[in-house]
Amino acid sequence: ISNTDTVQTLHDRLAGMGAELIKRTLEGLEKGVLKGKAQDEGQVTHASKLTKEMEALDLDDSAVSLDRKVRVLNPWPGTSVRVDDQRLKIKKTYPRPEISGKKGEIFDRAGMLLLGLKSGCLELKMMQWEGKNELDAMGFVNGLKGSGRKLPLLVYKSK
């Protein structure tokens with residue numbers, strides 16, 4: 001798993017690997033080279049079901065943890081924050097724990113669009129206002145200018 005994988009990219013890569021593996025496994029079983037083995041029930045783990053309520057980003061979490069959350073919940077249920085009365089879906093990020101900023105503020109610095117956290121920042125690379133097209137950071141900032149809004153923007157916990 002790479003530092004840029006999402007659930008979708010990992011799914012697609014593993015699907016290809018799984019198809020090849022099952023082909024070799026079935027051939028091995030047919031030839032008698034492989035023998036089946038019962039799974040150890042004591043080693044079974046279960047993942048909880050994904051829900052829409054998981055999408056809210058907690059600004060008290062670390063930049064690395066939030067970046068992972070964005071990637072694991074992409075494409076569904078996704079992640080978001082609230083800006084004023086609008087939901088801003090966060091699609092792609094990069095952790096910036098070395099940069100400090102005001103918690104809950106979206107601001108720009110050195111050509112990056114950043115979300116201030118309790119500790120560090122999350123670089124916002126792709127985002128989407130609810131009901132609008134997905135935008136990269138530059139498109140997002142240009143869209144703000146076109147609508148008369150300015151940075152910094154204040155973030156509120158998603159509902």
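The values are calculated or read from the model by the stated rules, or taken from the named source; none is laboratory data. This one's a predicted model, so the numbers in the text were calculated from it and none came from an experiment. All Cβ positions, even for glycine, are placed from backbone atoms using ideal geometry, and neighbour counts span all protein chains on display. Keep in mind that these areas ignore ligands, DNA and RNA; they rest on the heavy atoms of the full protein, side chains included. Shrake-Rupley method; radii C 1.70, N 1.55, O 1.52, S 1.80 Å.
Round to the nearest 0.05 the FRET efficiency obtained for residue 119 and residue 15 when R0 = 25 Å and r is the Cβ-Cβ distance.
For R0 = 25 Å, the calculated efficiency reads 0.10.
With a Förster radius of 30 Å, plug the Cβ-Cβ distance of residue 100 and residue 45 into 1/(1 + (r/R0)^6) and report the FRET value to the nearest 0.05.
0.20
Compute the accessible area per residue over region 91-159, keeping the other protein chains in place, probe 1.4 Å, unit Å².
Spelled out: the 1.4 Å probe surface of region 91-159, per residue, equals 60 Å².
For every other residue with a beta carbon closer than 11 angstrom to the beta carbon of residue 34, add +1 if it is Lys or Arg and -1 if Asp or Glu, then tell me the sum.
Taking every other residue near residue 34 into account, the sum is +2.
Once R0 is set to 41 Å, what does the formula 1/(1 + (r/R0)^6) return for the Cβ-Cβ distance between residue 31 and residue 6, expressed as a FRET efficiency to the nearest 0.05?
0.60
Give the label of the value calculated from the structure for Cα extents along the principal axes in Å, choosing from (i) 55, 41, 31; (ii) 76, 37, 28; (iii) 70, 31, 29.
(iii)
Give me the number: length gained by fully extending residue 156 to residue 22, i.e. 0.36 nm times residue separation minus the C-alpha to C-alpha distance, one decimal in nm.
43.5 nm
Run the simple label-point estimate for residue 145 and residue 108 please: 7 Å along Cα→C-beta, distance reported in nm.
0.6
Using all C-alpha to C-alpha distances in region 98-159, build P(r) with 5 Å bins and read off the rounded percent in each one.
4, 18, 27, 28, 17, 5, 1
Could you list, in their original order, any pairs among 49/145; 23/91; 89/118 whose Cα atoms are separated by more than 28 Å?
Cα-Cα > 28 Å for 49/145; 23/91; rest within.
Could you rank 127, 54, 138, 112 by how accessible they are, 1.4 Å probe, largest area first?
138, 54, 112, 127
Each residue of region 62-69 in order: what ³J(HN,Hα) in whole Hz does its phi give by Karplus 6.51 cos²θ - 1.76 cosθ + 1.60, θ = phi - 60°, with x for Gly and Pro?
Ordered by residue, 3J(HN,Hα) equals 6, 4, 5, 5, 5, 4, 5, 5 Hz.
For region 17-41 and region 69-146, write down the distance between their C-alpha centroids in whole Å.
44
Please report, as a whole percent, how much of the solvent-accessible surface of region 38-159 comes from carbon and sulfur atoms (probe radius 1.4 Å).
Of all accessible area on region 38-159, carbon and sulfur atoms account for 50 percent.
With only alpha-carbon atoms in the gyration tensor, what are the semi-axes of the equivalent ellipsoid for region 35-94, in Å, largest first?
So the three semi-axes of region 35-94 are 33, 12, 11 Å.
On a straight-distance basis, which lysines could pair with residue 150 in a cross-link, Cα separation under 17 angstrom, same-chain partners fewer than 8 positions away excluded?
Answer for residue 150, where 17 Å is the Cα cut-off: 102, listed by chain and number.
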